[in-house]
1. Considering the range 242-281 alone, what residues qualify as being hydrophobic (A, V, I, L, M, F, W, C) and either touching a Pro at 6+ places or on another chain (Cβ under 7 Å) or part of a loop (DSSP other than H, G, I, E, B) (or both)?
2. When the residues of the range 442-460 are narrowed to those that are closer than 17 Å to Asp328 by Cα and aliphatic (A, V, I, L, M), which ends up farthest from the chain's Cα centre (by Cα)?
3. Return only the number of the condition from (1) acidic (Asp, Glu); (2) assigned to a strand (DSSP E or B); (3) surrounded by 20 or more Cβ atoms within 10 Å (Cβ to Cβ) that Asp229 does not satisfy.
4. Restricting to the range 170-226, and then to whatever is of a type in the set (Gly, Ala, Ser) and part of a helix (DSSP H, G or I), can you tell me which residue is nearest to Ile126 (Cα to Cα)?
5. Of all residues in the range 39-75, which are charged (D, E, K, R), free of Cβ contacts under 8 Å to residues at least 12 places away in the same chain and over 19 Å from Gly99 (Cα atoms)?
6. For the range 100-142, which positions are over 15 Å from Ile189 (Cα atoms) and aliphatic (A, V, I, L, M)?
7. Any idea which of Ala122, Ala163, Ala131 is surrounded by fewer than 23 Cβ atoms within 10 Å (Cβ to Cβ), hydrophobic (A, V, I, L, M, F, W, C) and either outside the structural domain of Ala302 (by TED's automatic domain parsing) or modelled with pLDDT of 95 or more (or both)?
8. Does Val11 qualify as being hydrophobic (A, V, I, L, M, F, W, C), touching a Lys or Arg at 6+ places or on another chain (Cβ under 9 Å) and at pLDDT 95 or above?
Amino acid sequence: MAMKRLTPDIVAKAVGGRYVGPESLRESPIAGVVRDHREVTAGSLFVCIKGERHDGHDFAAAAYEAGAACCLCERTPPGAEDKPHVLVGSTLEALRALGEYYRSLFDIPVVGVTGSVGKTTAKEMIAAVLARRCNVLKTTANLNNEIGVPLTLLSLQEEHQAAVIEMGISDFGEMRRLAKMVRPDVCVITTIGYSHFEKLGDLQGVLRAKAEVFEYMKPEGLAVLSGDDELLKSFDPGLPVVTFGLGKNCDFRAEDVRQKMEEKPCIEFTVAHKEGRFEARVGAFGTHLVYGALAAAAVGHALGVPDEDIARGLLDYAPVGRRASVRDTGYLTLIDDCYNANPSSMRAAIESLAALPGRKVAVLGDMLELGPESDRLHREIGQLVARCGIDCLICCGQKAEFIFKGLISTGSQIEAWHFPLKDALISALPRLIRRGDRVLVKASHGMHFEEISQALGDLK
C-alpha cells in the first residue's frame with residue numbers, strides 16, 4: 001500500500017512552515033508519519049511533540065538514524081542542522097493542518113463516530129460492515145484525539161475506499177478542531193451521557209460539544225443518531241437524519257433481542273427498517289451492543305451495503321481490548337469490561353449480567369469525570385444492582401463507596417462489600433468468589449481494574 005504524494009516541501013506548504021535542509025532532499029518522498037521515534041522506518045516524517053514527560057525534539061537524532069526523511073519541529077533539533085526538517089510555531093497545530101490537508105486528497109466516504117458511550121464498538125462494527133464491500137481504514141487503539149485523529153488520517157493509503165474515524169472529546173472546541181480535519185460525510189452519535197461533566201457542565205453541554213461536528217459537514221451529509229436518547233431524538237443537526245434504537249419510531253430498530261451464553265457469548269436479534277428486515281448475530285456479551293450494530297446497519301445501508309452483507313459484517317465483529325470480553329477460566333466466567341465506565345455503560349453491563357444464569361457477582365469501581373453529580377450517580381448504580389437481583393456486589397474505590405451505600409439504602413439483603421484499595425480486594429477474592437460464578441469487572445480506565453481481572457483469572 002502507498003501514501004499519496006507527500007514531500008518535505010509539500011508538508012511545509014500545507015502547515016505554513018519553513019523547510020530547512022539540503023535542496024536536493026526537499027522533494028524526497030515521505031512514506032509515513034509518526035510521533036514515536038521507535039516507529040520510524042525508512043522515509044518517515046517524524047513529528048517532534050513536546051509532552052508532559054518527553055520532548056520529541058530530543059529523539060530527532062534517533063529518528064534520522066532509523067531512516068526518517070524529515071522532522072516536523074518547533075526548533076532545529078541537536079545535530080539536525082544539515083538534515084531535512086520543517087520549522088513551525090506549534091507541532092500540534094501543524095500536525096492538525098497536515099491531517100486536514102492530507103484528508104482533502106481523498107474523495108472517499110468518511111464516517112465520523114462520536115458519543116459518550118459505545119463509540120469504539122460502533123466504529124468497529126461500522127468498519128466490519130463496510131469491509132464487506134471495500135477497503136476500509138479505521139481508527140486503531142485510542143487514536144481518537146487531536147493527535148490520534150490526524151495520525152489516523154495520515155495513514156490513509158491510495159487503496160483505501162472508505163474510512164471510519166473515531167472522535168473523542170472532553171471540552172468545548174475539541175470536536176470543532178477534529179471535524180475540520182475529518183470532514184465526515186456521515187456522522188454517528190451513539191448517545192449523550194454523563195461524561196466529562198467537569199468541563200462540559202451537564203448533558204446539554206455534552207450535546208453542544210458533540211454537535212460541533214456538524215459545522216464541518218456538507219448539507220447533503222447524513223447524521224445517524226440514537227432514537228432512544230432523550231436529547232438526540234429531538235435534536236436537529238441541520239441535515240438529513242437516520243435514527244437507530246429499540247423504539248418503534250426508529251428508522252433502524254432491533255426486535256426480539258436475545259443474549260446467549262453458549263460456547264461463546266452472542267446476541268441475536270432482528271434488524272427492521274423501512275425497506276426490509278433481516279436476522280443479525282453479534283459474537284459478544286451485552287445486549288446494549290445492539291445499539292452499535294444498529295448504527296452500523298444504518299451507515300452500511302446509507303452507503304449501499306446490502307442487508308445480507310451487513311449481517312455478515314456484524315458476524316465479523318470482535319470486542320476490542322477489555323470491552324466486555326468473556327472467557328471461561330475453568331473456575332469462573334469472567335466478563336472483563338474494565339476499559340472504561342460511565343453511568344450508561346455501567347447500567348447496561350449490570351442488566352446484561354443479571355440476565356445470565358448462575359450466581360452473579362459485580363465487581364465495580366469508580367466512574368470518573370462526573371462532576372458534582374458523581375455521588376448521586378454512583379448511588380443510583382447501587383440501587384440498580386439491588387433491583388436487578390445480582391447475588392454479590394464488590395466495590396472498590398473512593399467513589400465506589402457510594403455504589404455500596406446506594407445498595408444498602410434499598411434494604412437489600414444482597415451480599416455486599418466495599419474495599420477502599422485494590423490490594424485488599426484482591427486478597428479477599430478467594431473467599432468471596434465461588435466456583436462457577438459469573439463475574440463482571442467494570443470501572444473507569446483510570447482505576448486500572450485490569451489487575452483485578454488478572455487476579456480473578458488466576459483463581460483455582
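The values are calculated or read from the model by the stated rules, or taken from the named source; none is laboratory data. The structure presented is a predicted model; accordingly, all values stated were derived computationally and were not measured. Here the Cβ is made from the backbone with ideal geometry for all residues, glycine too, and neighbour counts use every protein chain on show.
1. If the condition is that a residue be hydrophobic (A, V, I, L, M, F, W, C) and either touching a Pro at 6+ places or on another chain (Cβ under 7 Å) or part of a loop (DSSP other than H, G, I, E, B) (or both), then Leu246, Cys250 are the ones that fit.
2. Here the residue is Leu459.
3. Failed condition: (2).
4. Let us first name the residues in the range 170-226 that are of a type in the set (Gly, Ala, Ser), namely 170, 173, 179, 193, 195, 201, 205, 209, 211, 221, 223, 226.
Applying the additional criterion that residues be part of a helix (DSSP H, G or I) yields 179, 205, 209, 211.
Working: Ala179: 19, Gly205: 27, Ala209: 23, Ala211: 20 Å.
Within the range 170-226, the match that is nearest to Ile126 (Cα to Cα) is Ala179.
5. The first filter runs over the range 39-75 and keeps only residues charged (D, E, K, R), leaving 39, 50, 52-53, 55, 58, 65, 74-75.
Okay, now just the ones that are also free of Cβ contacts under 8 Å to residues at least 12 places away in the same chain, so 39, 52-53, 55, 65.
Glu52, Arg53, Asp55, Glu65 - these are the residues of the range 39-75 that are charged (D, E, K, R), free of Cβ contacts under 8 Å to residues at least 12 places away in the same chain and over 19 Å from Gly99 (Cα atoms).
6. Selection gives Leu105, Ile108, Ala127, Ala128, Val129, Leu130, Ala131, Val136, Leu137, Ala141.
7. Criteria check complete, one pass: Ala131.
8. no
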